[in-house]
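Notes follow once the structure below has been shown.
The values are calculated or read from the model by the stated rules, or taken from the named source; none is laboratory data. Predicted model, so just to flag it, every value in this text is computed and none were measured. Note that each Cβ is placed from the backbone with ideal geometry, even for glycine, and that neighbours are counted across all protein chains shown. Surface accessibility is based on the protein's heavy atoms, side chains included, excluding ligands, DNA and RNA. Shrake-Rupley method; radii C 1.70, N 1.55, O 1.52, S 1.80 Å.
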Amino acid sequence: GDRILLSGESGCGKSTLLGLIGRLYAPIQGTMTANGVPAQEIPLGEWRRRVATLPQVPVIAPVSVRENIRMGRPDAADAEVEQAARDAGIHEDIMGFENGYDTVIDSVGGNISTGQAQRVAFARILLLRPDVLLLDEPTSSLDAVRQEQILNLVRLLPEDCAVLCVSHRRTDMKGYRCMTMREGRLSEG
């Protein structure tokens with residue numbers, strides 16, 4: 001349930017750390033463990049169910065809005081998908097789309113804005129209910145209103161969900177333990 005804000009200069013390794021934790025790649029040296037178990041012993045599907053990522057530019061597939069939200073939990077009922085969308089503050093926008101939840105997303109910037117894409121991606125995370133959430137500059141491309149919406153969404157996560165947020169704006173993340181990365185090393189403050 002820890003909330004950690006990670007800052008540091010560009011190129012110091014923040015995104016690399018998120019990629020390692022998300023198991024987008026394996027460490028070159030050393031061992032990564034979760035509760036004492038080597039990460040490579042945990043099936044990747046199980047890891048990805050437990051560790052979710054919200055990148056600067058959210059991953060949106062050229063499928064319906066419903067399918068985009070359901071990606072992490074393909075067995076989720078329509079009512080669960082819609083509740084996650086409501087909680088993420090995107091339901092009203094979706095209802096305004098040509099085919100509602102059945103609207104196929106062309107691309108970010110096509111028929112969906114970056115802010116809408118982030119909220120669709122966050123609905124996916126809320127539906128998944130991960131143990132760990134990795135945020136990579138989640139508010140960098142948003143206006144002040146949308147930034148506040150995303151920050152409020154993080155507060156909707158269960159208290160036991162650990163959050164690691166990379167951000168250059170320390171003021172955005174009140175109540176987070178601050179850590180700084182310099183030349184690939186972490187320190188408090």
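Points worth noting:
- Residue, most open to solvent (accessible area, probe 1.4 Å), within region 21-63, restricted to residues that are part of a loop (DSSP other than H, G, I, E, B) and β-branched (Val, Ile, Thr): Ile28
- Per this entry, Leu6 is not counted among residues that are aliphatic (A, V, I, L, M), within 17 Å of the chain's Cα centre (by Cα) and either assigned to a helix (DSSP H, G or I) or modelled with pLDDT under 90 (or both).
- Some residue of region 79-95 being open to solvent by 60 Å² or more (accessible area, probe 1.4 Å), in contact with a Cys (Cβ under 9 Å, 6 or more places away or on another chain) and touching a residue at least 60 places away in the same chain (Cβ under 8 Å): no
- Candidate set from region 30-74 (those that are touching a Pro at 6+ places or on another chain (Cβ under 8 Å) and among the polar types (S, T, N, Q)); member that is modelled with the highest pLDDT: Thr31
- Scanning region 64-76 for residues that are farther than 17 Å from Gly110 by Cα and surrounded by fewer than 15 Cβ atoms within 10 Å (Cβ to Cβ) turns up at least one hit.
- Search result, residues across region 110-159 that are open to solvent by 30 Å² or more (accessible area, probe 1.4 Å), under 13 Å from Val59 (Cα atoms) and either modelled with pLDDT under 85 or of a type outside the set (Lys, Arg) (or both): Ser113, Thr114, Gln116
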